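Colleague: Before anything else, here's the structure in question.
The values are calculated or read from the model by the stated rules, or taken from the named source; none is laboratory data. Bear in mind the structure is a predicted one, so any value in this text is a computation, not a measurement. Here the Cβ positions follow ideal geometry from the backbone for every residue, glycine too, while neighbour counts run over all protein chains shown. All accessible areas refer to the heavy atoms of the entire protein, side chains included, with ligands and DNA or RNA removed. Shrake-Rupley method; radii C 1.70, N 1.55, O 1.52, S 1.80 Å.
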Amino acid sequence: MAHVLAIDQGTSSSRAVVFDARGRAVGGSQHALDAAYPQAGWVEQDPEAIWRTTLAAGRGAIADAGVDARDIDAIGIANQRETTLLWDAESGRAVCPAIVWQDRRTAEHCRRIVADGMEAEIRATTGLVVDPYFSATKLARMLDAGDLRRRAAGELRFGTVDTFLIWRLTGGRCHVTDATNASRTMLYDLARHEWSGPLTDYLDIPGALLPGVADTVDDFGVADPEWFGAAIPIRAVAGDQQASLAGQACVRAGHAKCTFGTGCFLLAHTGTTPVHATSKLLTTVASRLDGVNAYALEGSVFNAGVAVKWLRDRLGLIATAAETEDAARRIDGDTDGVVVVPAFTGLGAPHWDPDARGLVTGLTLDTGPDQIIAATLKGIAFQVADLLSAMATEGVAVEDLRVDGGMVANDWFCQFLADITDHAVQRPANIETTVAGAGRLALLGAGLLSDLEALPEAAQSLRNFAPQTTPNQRAAWLDEWQAAVRKATA
């Protein structure tokens, strides 16, 4: 029976799953991945660790599935977006640490871009706001270190994580990305489906560094047999959030999903016509199939699961993420006026404030760990409410909100999310929809799936959470939240 190997290279782990031709998982493996924080606002990863954990996960998934690698028809890759790598074209070795999407070190560069009057052009061309989140200023920063700019013209290659993995898997034969990842660099022209010459010139980024841009389902070369035991075609690539759109069967205008991983990402599919937001939401490529771009409107929250990790690893208030639900239920969600703004690496949409920092407000002598834990969960949900409100102002209606990612195993959190957003929240049976989306895209690329709508199981919900609070209570919560955000951004 035919199979595909789906790789989900994320910020905190590398995961791989083998799916059969009917989209059923038959084996999987996951390996943790660490990050380094050399200075406040800086986030780095070791490119070799990204590669090693990805390779180990792929090999482990194949072994766990008990299939012969020769029976795997295609590989699909989903990856953490915006994370920027630069490597030597001859050796394939990275010349510096990867700068992770959360990194804020280029905030001053972004302010100079705005001062130069380039913000409107970048917005119109790329659909993005000017922010350190995206790859362009990270790459410019790398090139300005040491003698790298001198070497850039012919010796070096740039890529997001997908491009780096493809380069390694194909032995340097393919230097390519897909449209979803390209659209997150702040260098990609949405209308022309190509790198923007004016923007690369402005940022002094040599064109020779940049990968080719392919469709989401396309020919990305063949993985060398030394990696997985057989020569396997790479047939699908998508940024992790776009992969989860496919995994949640959000493939038509009006479909929306929100993924809670290290960060939190709300994407609403808008069809083949991009919505150029007047608010600070992002226009991004949802997929590119058969030469046609489909688009999404996106809001990004930088700190979600990482805030829960902060509660565990830095404050020691919990031993496992699952304990957050118990803590919130012990106090019935009543934080007694405590509000946490989890802006550890700035605030994303719709605020886009790279200088914002985390804030805990409303502390009294009666405040205990449970209030802080519950307030942190609420702080993540409040930001989703902000995003949905901004989308509504753009005329993008979201009816039911499909959620996925590790945090949504928490029933209390899902219920509060429904209450604060006034949206029904749908949680699928399989909350790991990113790797499932990579698998389904690979099935499509291998010719084992007719289209992405032929996925009835993807839309099946394990549980629906309907709003239960009153409009007055919701308004009071949001007023409290907005007051705290004003303090965090002052």
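Colleague: Among the aromatic types (Phe, Trp, Tyr) and either farther than 26 Å from residue 257 by Cβ or open to solvent by 40 Å² or more (accessible area, probe 1.4 Å) (or both) - does that describe any residue in segment 286-309? Steps first, answer last, please.
Modeller: Taking segment 286-309 and keeping what is among the aromatic types (Phe, Trp, Tyr), we get 295, 302.
From the residues that got through so far, the ones that are either farther than 26 Å from residue 257 by Cβ or open to solvent by 40 Å² or more (accessible area, probe 1.4 Å) (or both) too are none.
Looking through segment 286-309, none of the residues is among the aromatic types (Phe, Trp, Tyr) and either farther than 26 Å from residue 257 by Cβ or open to solvent by 40 Å² or more (accessible area, probe 1.4 Å) (or both).
Colleague: Do you know which of the residues in segment 129-180 that are in a helix (DSSP H, G or I) and β-branched (Val, Ile, Thr) is nearest to residue 244 (Cα to Cα)? Show your work before the answer.
Modeller: Let us first name the residues in segment 129-180 that are in a helix (DSSP H, G or I), namely 135-143, 148-151, 161-169, 179-180.
Imposing the further condition that a residue be β-branched (Val, Ile, Thr) reduces the set to 137, 161, 163, 166, 180.
Working: 137: 26, 161: 17, 163: 19, 166: 20, 180: 12 Å.
Only one residue fits best here, namely 180.
Colleague: Are there any pairs with C-beta distances below 9 angstrom linking a residue in segment 372-395 that is on the phi < 0 side of the Ramachandran plot and touching a residue at least 24 places away in the same chain (Cβ under 8 Å) to a residue that is among the acidic types (Asp, Glu) and open to solvent by less than 10 Å² (accessible area, probe 1.4 Å), with the two at least 6 apart or on different chains, and if so which?
Modeller: Going by the 9 Å Cβ cut-off, the qualifying pairs are 387/298.
Colleague: On the basis of being modelled with pLDDT under 90 and open to solvent by 20 Å² or more (accessible area, probe 1.4 Å), does residue 152 make the cut?
Modeller: In short, no.
Colleague: Also, I was wondering about something else. Exactly one of these conditions fails for residue 444: (1) over 19 Å from residue 258 (Cα atoms); (2) open to solvent by less than 10 Å² (accessible area, probe 1.4 Å). Give me its number.
Modeller: Failed condition: (2).
Colleague: Based on what the data block shows, is residue 173 within 26 Å of residue 58 (Cβ to Cβ) and open to solvent by 10 Å² or more (accessible area, probe 1.4 Å)?
Modeller: Details: within 26 Å of residue 58 (Cβ to Cβ): yes; open to solvent by 10 Å² or more (accessible area, probe 1.4 Å): yes.
Judged against the criteria, residue 173 is a match.
Colleague: Could you look through segment 212-231, keep only residues that are closer than 8 Å to residue 178 by Cβ and among the charged types (D, E, K, R), and pick out the one that is least open to solvent (accessible area, probe 1.4 Å)?
Modeller: Going through the qualifying residues, I end up with 215.
Residues are listed down the side, and each one gets a yes or a no for (1) of a type in the set (Lys, Arg); (2) under 23 Å from residue 435 (Cα atoms); (3) touching a residue at least 12 places away in the same chain (Cβ under 8 Å):
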{"position": "141", "(1), (2), (3)": "yes, no, yes"}
{"position": "144", "(1), (2), (3)": "no, no, no"}
{"position": "155", "(1), (2), (3)": "no, no, yes"}
{"position": "165", "(1), (2), (3)": "no, yes, yes"}
{"position": "183", "(1), (2), (3)": "no, yes, yes"}
{"position": "195", "(1), (2), (3)": "no, no, yes"}
{"position": "217", "(1), (2), (3)": "no, yes, yes"}
{"position": "236", "(1), (2), (3)": "no, yes, yes"}
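Colleague: Tell me whether segment 374-388 contains one or more residues that are assigned to a helix (DSSP H, G or I), of a type in the set (Phe, Trp, Tyr) and surrounded by fewer than 23 Cβ atoms within 10 Å (Cβ to Cβ). Give the derivation first.
Modeller: Initially, segment 374-388 is screened for residues assigned to a helix (DSSP H, G or I), giving 374-388.
If we keep only those that are of a type in the set (Phe, Trp, Tyr) as well, we get 382.
If we keep only those that are surrounded by fewer than 23 Cβ atoms within 10 Å (Cβ to Cβ) too, we end up with none.
No: zero hits.
Colleague: Of all residues in segment 90-106, which are aliphatic (A, V, I, L, M), open to solvent by 10 Å² or more (accessible area, probe 1.4 Å) and within 23 Å of the chain's Cα centre (by Cα)? Let's see the steps before the verdict.
Modeller: Going through segment 90-106, the residues aliphatic (A, V, I, L, M) turn out to be 94-95, 98-100.
From what is left, the residues that are open to solvent by 10 Å² or more (accessible area, probe 1.4 Å) are 94-95.
Answer for segment 90-106, where residues must be aliphatic (A, V, I, L, M), open to solvent by 10 Å² or more (accessible area, probe 1.4 Å) and within 23 Å of the chain's Cα centre (by Cα): just 94.
Colleague: Suppose we filter segment 187-199 for residues that are closer than 20 Å to residue 272 by Cα and either touching a strand residue (DSSP E or B) at 6+ places or on another chain (Cβ under 6 Å) or of a type in the set (A, V, I, L, M, F, W, C) (or both); how many remain? Before you say what the answer is, go through the steps one by one.
Modeller: Going through segment 187-199, the residues closer than 20 Å to residue 272 by Cα turn out to be 188-195.
The next check asks that each one be either touching a strand residue (DSSP E or B) at 6+ places or on another chain (Cβ under 6 Å) or of a type in the set (A, V, I, L, M, F, W, C) (or both); those that pass are 190-191, 195.
Matching residues across segment 187-199 total 3.
Colleague: Let me ask you something else. Looking at (1) of a type outside the set (D, E, K, R); (2) open to solvent by less than 10 Å² (accessible area, probe 1.4 Å); (3) in contact with a His (Cβ under 7 Å, 6 or more places away or on another chain), which is the one condition that is false for residue 255?
Modeller: With respect to (1) of a type outside the set (D, E, K, R); (2) open to solvent by less than 10 Å² (accessible area, probe 1.4 Å); (3) in contact with a His (Cβ under 7 Å, 6 or more places away or on another chain), residue 255 is out only on (2).
Colleague: Oh, and also: Starting from residues that are small (Gly, Ala, Ser) and over 26 Å from residue 37 (Cα atoms), keep the ones in segment 333-373 and report whichever is surrounded by the most Cβ atoms within 10 Å (Cβ to Cβ). Spell out how you get there, then give the answer.
Modeller: Taking segment 333-373 and keeping what is small (Gly, Ala, Ser), we get 333, 337, 343, 346, 348-349, 356, 358, 362, 368.
Right, trim to over 26 Å from residue 37 (Cα atoms) and you get 333, 337, 362, 368.
On the way: 333: 19, 337: 14, 362: 16, 368: 14.
Among them, the one singled out is 333.
Colleague: Since residue 356 meets every condition but one in (1) closer than 27 Å to residue 439 by Cα; (2) outside any helix (DSSP H, G or I); (3) among the small types (Gly, Ala, Ser), which condition does it not meet?
Modeller: Single failed check for residue 356: (1).
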